[in-house]
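Below: one structure, written as structure tokens.
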Amino acid sequence: MPAVLDDVSAEILDLKKRIGATILAHYYQEGEVQALADVTGDSLKLAREATKVDSPVIVFCGVLFMAETAKMLNPAKKVLLPDLAAGCSLVDACPADKLAREQERLRANGRTFQTVCYINSSAKVKALSDWVVTSGNAEDVVRNKVPPGYEILFVPDKHLGAYLRDLTGRDMILWDGSCMVHEIFSVGDLLKMKRQHPAAVTIAHPECPRNVLEHSDFAGGTEAMIRHVATFADPTTFLVATEANMMWDLQRRHPRHTFLGVPGVSCACNKCPHMARNTLEKVRDCMKYGRPEILWQPEFDRAKEVLARSLLNPPVAANLHPQGD
């Protein structure tokens with residue numbers, strides 16, 4: 001929490017008390033938003049934390065599918081999202097009607113499969129799936145929940161799916177989707193940074209393409225990154241290949257280290273434009289006016305069942321390993 005609050009931040013904290021709100025913020029939010037949150041985390045942590053909220057209102061500083069997840073897992077709460085237009089390129093890559101047609105085609109061809117969807121998907125896609133995963137529990141689900149002998153239709157992130165296929169050896173049918181942020185990391189610039197900082201440790205999110213992961217020392221979701229960085233006692237330089245706001249939390253937790261963002265092919269740092277829609281002013285306004293609110297949709301009933309069995313049981317052991325393990 002900043003020592004001196006600006007007017008908007010002070011107003012948010014006042015509104016929080018007045019309406020009885022808990023603020024959940026993803027690591028990809030701007031630091032000034034994360035600083036006001038009761039809980040920061042990745043999709044898995046925030047989904048689980050949403051079930052524990054006892055205040056009447058949840059303010060979800062993230063994107064639409066995350067706020068929908070919070071509503072599904074805690075339906076009695078009023079869930080507010082600062083900007084309903086905060087979407088996700090992965091959600092857009094896998095329309096539910098297109099997935100349903102592909103599932104029917106596979107069944108008609110005698111394929112025995114289960115559908116595993118990344119949490120970055122619509123509620124309608126979750127309702128069509130057997131399992132929902134985040135980067136934090138994906139290995140556990142693929143290894144231990146999908147029965148042997150079944151192929152896995154993995155949607156919508158082809159890079160995370162390929163990473164899991166290589167890690168687990170499971171047969172996978174990969175959907176052709178990708179994250180607009182992680183897709184554009186520049187391997188050339190990463191290699192240049194590695195030459196400039198030969199002692200640096202490269203950490204990357206498994207949403208990155210294979211050619212980035214191949215040059216990384218560690219691949220894992222955001223929580224796994226935090227745990228990995230914490231194991232370095234001496235000051236260390238890290239090259240970070242994920243959404244740039246992640247470095248705010250890493251630096252806050254581990255000030256002894258230096259964190260340098262890997263640039264994208266078209267910009268100096270990769271920030272998600274959807275996450276960026278949630279400004280302090282929009283956080284304040286959604287609390288002041290009680291909207292935009294996530295309202296219950298028909299597909300939420302089935303999607304909630306899949307979410308609950310997939311995410312609310314603690315995953316076994318640690319997940320997403322360093323490259324080469």
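The values are calculated or read from the model by the stated rules, or taken from the named source; none is laboratory data. Predicted, not measured: the structure shown is a model, and the values here were computed from it. No Cβ is skipped: glycine too gets one built from the backbone with ideal geometry, and neighbour counts run over all protein chains shown. All accessible areas refer to the heavy atoms of the entire protein, side chains included, with ligands and DNA or RNA removed. Shrake-Rupley method; radii C 1.70, N 1.55, O 1.52, S 1.80 Å.
What residue, of 54, 14, is outside any loop (DSSP other than H, G, I, E, B) and either out of contact with any helix residue (DSSP H, G or I) (no Cβ under 8 Å at 6 or more places or on another chain) or farther than 26 Å from residue 305 by Cβ (or both)? Give the steps one after another, and end with the answer.
Values: 54 fails: outside any loop (DSSP other than H, G, I, E, B).
Result of the check over 54, 14: 14.
Would you please list the contacts, defined by Cβ atoms under 9 Å and residues six or more apart or on different chains, that run from a residue in segment 104-128 that is in contact (Cβ under 8 Å) with a residue 12 or more places away in the chain and open to solvent by 80 Å² or more (accessible area, probe 1.4 Å) to a residue that is part of a helix (DSSP H, G or I) and among the basic types (Lys, Arg)?
111/105
Looking at (1) modelled with pLDDT under 85; (2) more than 27 Å from residue 39 (Cβ to Cβ); (3) touching a Ser or Thr at 6+ places or on another chain (Cβ under 9 Å); (4) not charged (D, E, K, R), find the lone condition where residue 208 falls short.
Single failed check for residue 208: (2).
Consider residue 249 against the criteria (1) farther than 24 Å from residue 156 by Cα; (2) open to solvent by 20 Å² or more (accessible area, probe 1.4 Å); (3) modelled with pLDDT under 90: it satisfies all of them except one. Which criterion is unmet?
With respect to (1) farther than 24 Å from residue 156 by Cα; (2) open to solvent by 20 Å² or more (accessible area, probe 1.4 Å); (3) modelled with pLDDT under 90, residue 249 is out only on (2).
Go through 68, 49 for me and flag whichever is open to solvent by 10 Å² or more (accessible area, probe 1.4 Å), closer than 20 Å to residue 83 by Cβ and assigned to a helix (DSSP H, G or I).
68
For segment 190-210, what are the residues that are assigned to a helix (DSSP H, G or I), in contact (Cβ under 8 Å) with a residue 24 or more places away in the chain and farther than 27 Å from residue 156 by Cα? Give the steps one after another, and end with the answer.
Start the filter on segment 190-210 by keeping residues that are assigned to a helix (DSSP H, G or I), which leaves 190-196, 210.
Those left that are additionally in contact (Cβ under 8 Å) with a residue 24 or more places away in the chain: 190-191, 193-194, 210.
Of everything in segment 190-210, those that are assigned to a helix (DSSP H, G or I), in contact (Cβ under 8 Å) with a residue 24 or more places away in the chain and farther than 27 Å from residue 156 by Cα turn out to be 191, 193, 194.
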